[in-house]
């Protein structure tokens, strides 16, 4: 690693770790499904930022761009499908609280 790449690595690494912690906290602690989706989005953004940082440091920007574009496409599909499921659950139960959804029967 060059000195310039190393000077960029640690601040971004700390920011990525903070994003992962916040995303996990959002997903695991909340009972609201929309907040859980926001936490999932934060986790995916942290992974994307990590891939970009790794590509910059390793000197392989082309491979990194391909991985990031693929990740963005997969992320959009997952979030759209999950949002559709959450909106359908809200339409059926008038609530986004996970505790109220545990009582759903077939």
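The values are calculated or read from the model by the stated rules, or taken from the named source; none is laboratory data. Bear in mind the structure is a predicted one, so any value in this text is a computation, not a measurement. When we count neighbours, we look across all protein chains shown, and the Cβ atoms used for this are built from the backbone with ideal geometry, even at glycine.
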The condition of being surrounded by 12 or more Cβ atoms within 10 Å (Cβ to Cβ) and over 30 Å from residue 8 (Cα atoms) holds, among 78, 68, only for 78
Listed by first then second residue, the pairs whose first member lies in the stretch 91-104 and is closer than 15 Å to residue 28 by Cα, whose partner is assigned to a loop (DSSP other than H, G, I, E, B) and modelled with pLDDT under 90, with beta carbons under 7 Å and at least 6 positions apart or on separate chains, are none
Per the filter on the stretch 90-102, residues in a helix (DSSP H, G or I) and either over 17 Å from residue 38 (Cα atoms) or modelled with pLDDT of 90 or more (or both) are 90, 91, 92, 93, 99, 100, 101
Out of all the residues in the stretch 55-64, is one or more in contact (Cβ under 8 Å) with a residue 40 or more places away in the chain, part of a helix (DSSP H, G or I) and surrounded by 13 or more Cβ atoms within 10 Å (Cβ to Cβ)?
yes
Exactly one of 44, 79, 34, 21 is in contact (Cβ under 8 Å) with a residue 60 or more places away in the chain, assigned to a helix (DSSP H, G or I), out of contact with any strand residue (DSSP E or B) (no Cβ under 9 Å at 6 or more places or on another chain) and under 25 Å from residue 96 (Cβ atoms), and that residue is 34
